[in-house]
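Q: Here it is, the structure, as structure tokens.
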Amino acid sequence: MTENMQPEIKSPCVGVCAVDESSGLCQGCYRTIDEIKAWWDMGQTEQKNLLVALEERQLQQINFGD
């Protein structure tokens, strides 16, 4: 591996693929349909930023309920 090659960032998919109609978010990974479709076209910085956003979304869902 060369210095500027970084390991692939693992998809946040957990295999629970069901979108909540009220929030528009996947009930497994908390992504929108557009984010799911765009994952493999995103750069690593975008993917990392999305992972941070997903953690925040998950916490909001846990703290405030669906």
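Read the figures in this text as sums done on the coordinates, not as results from a lab. This one's a predicted model, so the numbers in the text were calculated from it and none came from an experiment. When we count neighbours, we look across all protein chains shown, and the Cβ atoms used for this are built from the backbone with ideal geometry, even at glycine.
Q: With a cut-off of 8 Å between alpha carbons and a minimum separation of six or more residues, what is the relative contact order of region 17-66 in percent?
A: 23
Q: Among Leu50, Ile36, Met5, pick out the residue whose Cα is farthest towards the positive end of the charge dipole of the chain, where Lys and Arg carry +1 and Asp and Glu carry -1 on C-beta, about the Cα centre.
A: Met5
Q: What is the spread of the Cα atoms of region 17-66 along each of their three principal axes, largest first, in whole Å?
A: Computed over region 17-66, the largest-to-smallest principal extents equal 31, 18, 13 Å.
Q: Please work out the FRET efficiency for the pair Ile62 and Ala18, using the Cβ-Cβ distance as r and a Förster radius of 22 Å; give the result to the nearest 0.05. Numbers along the way, then the final one.
A: Working: r = 17 Å, r/R0 = 0.79.
About 0.80, to the nearest 0.05.
Q: Now a separate question. Could you give each residue of region 34-45 its phi-based ³J(HN,Hα) in whole Hz, using Karplus coefficients 6.51, -1.76, 1.60 with θ = phi - 60°, and x for Gly or Pro?
A: 4, 5, 4, 5, 8, 3, 6, 9, 6, x, 4, 5
Q: Take each of the peptides 25-37, 45-57, average the number of other beta-carbon atoms within 10 Å over its residues, and list them starting from the highest.
A: Per-residue Cβ counts within 10 Å, averaged per peptide and sorted highest first, yield 25-37, 45-57.
Q: Also, I was wondering about something else. Residue by residue, what Karplus-based ³J(HN,Hα) values in Hz, rounded to whole numbers, does region 20-25 have, using 6.51, -1.76 and 1.60 with θ = phi - 60° and x for Gly and Pro?
A: 6, 5, 6, 9, x, 10
Q: Determine the dipole magnitude for region 17-66: charges of +1 sit on the beta-carbon of Lys and Arg, -1 on that of Asp and Glu, nothing else is charged, the reference point is the Cα centre, and the result goes in debye to the nearest 20.
A: Result for region 17-66 is approximately 120 debye, rounded to the nearest 20.
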